[in-house]
Every structure is written in structure tokens, then in C-alpha cells.
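Trainee: What follows is a single structure, and I will ask about it in a moment.
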Amino acid sequence: MARPKIALIGAGQIGGTLAHLAAIKELGDVILFDISEGIPQGKALDLAESGPAEGFDAVMKGTNDYADIAGADVCIVTAGVPRKPGMSRDDLLGINLKVMKSVGEGIAAHAPNAFVICITNPLDAMVWALREFSGLPHNMVCGMAGVLDSARFRHFLSVEFNVSMRDVTAFVLGGHGDTMVPLTRYSTVGGIPLPDLVDMGWTTQDKLDAIVQRTRDGGAEIVGLLKTGSAFYAPATSAIEMAEAFLKDQKRLLPCAAHVEGSYGLNGFYVGVPTIIGAGGVERVVEIKMDKSEQAMFDKSVDAVKGLVEACKGIDSSLS
Ligand code: A3D
């Protein structure tokens, strides 16, 4: 059987890391596409040369031609610009919207059957725009954010509790921005919800609140340290987890920016919700019950995303 084909649109920090992970995990052949000449070719060759020691045979190809992504099973989109210190994700909207237009058209023309995972920020608005520009089915286009935000939350919690990260589950929903919603009631250590762990004296409510805030600020914390760009290792790992769920039909329950139609009181809108990802792409949106304060936080986050989508429509009239 032929190896699956994974097209990475954007060969920057995240794109290169995605290619490395896809190769090591032997997920398939990798096409690295970028508008910058030489970068995708150089990274692909460098990665291919790691094959003998690493023990993979996958093809690594760099290109500036969309024709090379033809027939891709998965496209992961990181094309665009990342933020610098002092910038919010929303500051990237105008420039990255133009990038989504060319990427959406490229995917529609050459890989219309692919499962598309968008990472470019501001995430929820960009994945919506990418879907609009590409015209692909909604279930085949989603955004990576919830897996990363939940992973950050899980990491901070594991340090606080001094337990394995593997035993910490966490849920972060809503838009991928300052209004994201870490849900403590649905986050557990080995099945014990966080509020119970506060009652058990494992931590205090104040400490838990601080961890929630650090999760919300997780991206900015890394931008502040790196100064020249944003996080790339954990974002790439998170998107690979989603791609693997699709390629291996794993039916994973993963939070991602998905098209929500009917549930959560939303009508045709991209936002971070729990989903089932399998061979059918986003096969199901899982509607969980929220209490009043969780619902209020979620609604605020949805409003922030709605504002960004309206801003996209204001910039590009073909989206109205
Ligand atoms: P970077 O290393 O700058 O790579 C972006 C690449 O996109 C560069 O190589 C560019 O040449 C390329 N590019 C620009 N325009 C185009 C185009 N029209 N077509 C094809 N390629 C193009 O950035 P990065 O990899 O660090 O980050 C990529 C994106 O991911 C940024 O928008 C970040 O803000 C975003 N990001 C999102 C998350 C989420 O959790 C959602 C996390 C981290 C970064």
C-alpha cells in the first residue's frame, strides 16, 4: 500500500518540526511547501539525510509549487506570520487572511480530498476563512488549538501535583485567544476532577486560578522568552496528534476548532469544542454541559471570535 501523503503548507518553525515528527513517526511521505525559495528544499533535504540514522524511508520533498501537493491525504497549514513580543494573535489578521486565500485556493485545486488542519493565527478566524476560500467540506477542515492549550494546562497541573503528565487530562475550549476557557470541572488527575483535588488539599483555589491564567497566557509566555517568534515544538506535536487520529482512524476525542452547526447554540461557526477525529475527519462535535459561569466564559470567547470573523469579512468582500 502506498504511504499516505502529508502536505505541510508553510515550512517555517512549525512546518519543519511537523516534517520531522511525521518522519520519525513514519506517518507518510512529506511535502514541505513554502513561498520562500530554498527553505522547504533545504529543510526537506536535511530531514531526508536524518533517515538512515532514524530508520525511516519516507520521501521528504521541498517545493514552491502547489502542484506537488496533489493528492495529499492531510494538509497542515502554518503559512503566514507568527507574532512578536507585544503583539496579540489578532494583530496578525490582515496579513494572514491574504495568505489563507492563496492557501485555500491551492488546496482546493490540488488536494481537495485532504483533511486540513489549520494552525495559522488568529486561529479560529483563519480556519473559518480557509474553509471559505477552499470550499472543502466543513468536517474536513479544522483548527489546532485545543490540543495545545490543554497540553499546556496538563503540563502546569502535573508540575503542581507532582504527578505524571500522562495521568492528567484537561479540557480547554472556546477561541484560541485571551478568552479561551480552561474547564476545571472536566479536567482530572486519573479521573479525579480538579475541584475535588482542591477539596482534598492537593492545591488551593488561588493556585488553580493562577494555573488557569498561565494556560491562557501560555503562548505569550513563550513569545516573551523567544522574542523572535512563537512556540513551535508543542504546536507541531499537537497537530501531529490530530493528523495521526485521522490517518489511523483512531476516533480520538480531541478539542479542536471545528465547525459547529446546531450544538452549543451555534449555527455554522468555527470555535474550540470537543470533537471525535477519525477517518471521516471531524466526525462528531461532542456537546458537554456547562454551568452558568462556564457558559458565560464560553459565550464571551465566542463573541471574540465572531468579532474577528466580521473583521475578515470587512477586509475581503468575497467572504461576506
Ligand atoms: P514561521 O516560522 O514564520 O513560518 C511561517 C512560514 O510561512 C514561513 O516560512 C513563510 O515563508 C511561510 N509563508 C508566508 N506566506 C506564505 C504563503 N502565502 N504561502 C506559503 N507559505 C507562506 O512561523 P511559525 O511556523 O512559527 O508559525 C506559523 C503560524 O502558526 C503563525 O501564524 C503562528 O502565529 C501560528 N501559531 C499558532 C499556534 C496555535 O496554537 C494555533 C501556536 C503557535 C503558532
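The values are calculated or read from the model by the stated rules, or taken from the named source; none is laboratory data. Predicted model only: the values in this text are computed from it and were never measured. Note that each Cβ is placed from the backbone with ideal geometry, even for glycine, and that neighbours are counted across all protein chains shown. When the accessible area is computed, the model is the full protein with side chains, heavy atoms only, and any ligands, DNA or RNA have been set aside. Shrake-Rupley method; radii C 1.70, N 1.55, O 1.52, S 1.80 Å.
Trainee: Set the Förster distance to 35 Å, then compute FRET efficiency between residue 88 and residue 25 from the Cβ-Cβ distance, nearest 0.05. Could the numbers behind the result be given before it?
Mentor: On the way: r = 33 Å, r/R0 = 0.94.
The formula returns an efficiency of 0.60 here.
Trainee: Sequence-distant or interchain residues sharing an amide H contact under 5 Å with residue 115, placed H: which?
Mentor: Excluding prolines and chain starts, which carry no amide H, the hits are 74, 75.
Trainee: To test your reading of the geometry: what angle, between 0 and 90 degrees and rounded to tens, separates the Cα axis of helix 146-161 from the longest principal axis of the chain?
Mentor: It works out to around 50 degrees.
Trainee: OK, next. Residue 284's amide H: which non-local residues (gap 5+, or another chain) put their own amide H closer than 5 Å, with H modeled 1.01 Å from N in plane and none for Pro or chain starts?
Mentor: Amide H to amide H, under 5 Å and 5 or more residues apart or across chains, residue 284 pairs with 276.
Trainee: Across the stretch 55-65, in residue order, what do the Karplus-derived ³J(HN,Hα) couplings come to in whole Hz, using 6.51 cos²θ - 1.76 cosθ + 1.60 with θ = phi - 60° and x for Gly and Pro?
Mentor: So the J values, rounded to whole Hz, are x, 10, 10, 4, 6, 10, 10, x, 7, 10, 10.
Trainee: Any chance you could look up the accessible area of residue 294 with a 1.4 Å probe, heavy atoms only, rounded to 10 Å²?
Mentor: Residue 294 exposes around 10 Å² with every protein chain in place.
Trainee: Then there's this: Kindly identify the stretch 146-313 as rounded, prolate or oblate by the Cα gyration tensor criterion: order the square roots of the eigenvalues as a ≥ b ≥ c, call it rounded if a/c is under 1.5, otherwise compare a/b with b/c, prolate if a/b is larger, else oblate.
Mentor: Values: a/c = 1.29, a/b = 1.28, b/c = 1.00.
It is rounded, given that a/c, with a ≥ b ≥ c, falls under 1.5.
Trainee: For 128, 202, give me the order by solvent-accessible area with a 1.4 Å probe, most accessible first, ignoring ligands, DNA and RNA. Working shown, then result.
Mentor: Numbers: 128 25, 202 105 Å².
Accessible-area ranking of 128, 202, largest first: 202, 128.
Trainee: A further question follows. For the stretch 235-292 and the stretch 77-156, compute the distance between their C-alpha centroids and round to whole Å.
Mentor: Here the two parts' Cα centres lie 15 Å apart.
Trainee: Can you tell me which lysines have their Cα less than 21 Å from the Cα of residue 227? Leave out same-chain residues fewer than eight positions away.
Mentor: Here the lysines satisfying the reach criterion relative to residue 227 are 84.
Trainee: Could you sort 200, 87, 100, 1 by accessible area so the largest value comes first, with the probe set to 1.4 Å?
Mentor: Numbers: 200 100, 87 65, 100 0, 1 235 Å².
The residues order as 1, 200, 87, 100, largest area first.
Trainee: Something else: What are the ³J(HN,Hα) couplings of the stretch 288-305, residue after residue, when phi is run through the Karplus curve with 6.51, -1.76, 1.60 and θ = phi - 60°? Round to Hz, x for glycine and proline.
Mentor: 9, 7, 10, 7, 4, 6, 5, 4, 5, 5, 5, 4, 5, 5, 4, 4, 5, 5
Trainee: For the pairs 251/289; 43/300; 101/292; 289/313; 5/101; 25/251, flag any whose C-alpha to C-alpha distance is greater than 30 Å.
Mentor: On the way: 251/289 21 Å; 43/300 41 Å; 101/292 38 Å; 289/313 32 Å; 5/101 22 Å; 25/251 19 Å.
Over 30 Å apart, Cα to Cα: 43/300; 101/292; 289/313.
Trainee: Can you work out the accessible area per residue across the chain, with the rest of the protein chains kept in place, probe 1.4 Å, in square angstrom? Write down the numbers at each step before the final one.
Mentor: Values: 13880 Å² over 320 residues.
Result: 43 Å² per residue.
Trainee: Could you please state how large a percent of the accessible area of the stretch 13-98 is carbon and sulfur, counting protein chains only and using a 1.4 Å probe? Can you show the working numbers first?
Mentor: Numbers: 2110 of 3980 Å².
Here it works out to 53 percent.
Trainee: Grab the Cα-Cα distance for residue 303 and residue 217, subtract it from 0.36 nm times how many residues apart they are, and report the gain in nm with one decimal. Before the final figure, lay out each step's value.
Mentor: On the way: separation 86, 0.36 × 86 = 30.96 nm, distance 1.90 nm.
Taking residue 303 through residue 217 to full extension adds about 29.1 nm, to one decimal.
Trainee: Can you give me the relative contact order of the chain as a percent, contacts being Cα pairs under 8 Å and 6 or more apart? Walk me through the intermediate numbers first.
Mentor: Working: 650 pairs, mean separation 53.8, N = 320.
Contact order relative to length: 17 percent.
Trainee: Can you tell me the length gained on complete extension of the stretch residue 2 to residue 288, counting 0.36 nm per residue apart and subtracting the Cα distance?
Mentor: Using 0.36 nm per residue and subtracting the Cα-Cα distance, I get 99.1 nm.
Trainee: Using θ = phi - 60° and the Karplus curve 6.51 cos²θ - 1.76 cosθ + 1.60, what whole-Hz ³J(HN,Hα) does each residue of the stretch 128-138 get, with Gly and Pro shown as x?
Mentor: These are the phi-based 3J(HN,Hα) values: 4, 5, 4, 5, 4, 5, 7, x, 5, x, 4 Hz.
Trainee: In units of 2.2 N^0.38 Å, what is the alpha-carbon radius of gyration of the stretch 22-99? Show your work: numbers first, answer last.
Mentor: Working: Rg = 15.0 Å, N = 78, 2.2 N^0.38 = 11.5 Å.
Here the Cα radius of gyration is 1.30 times the empirical estimate.
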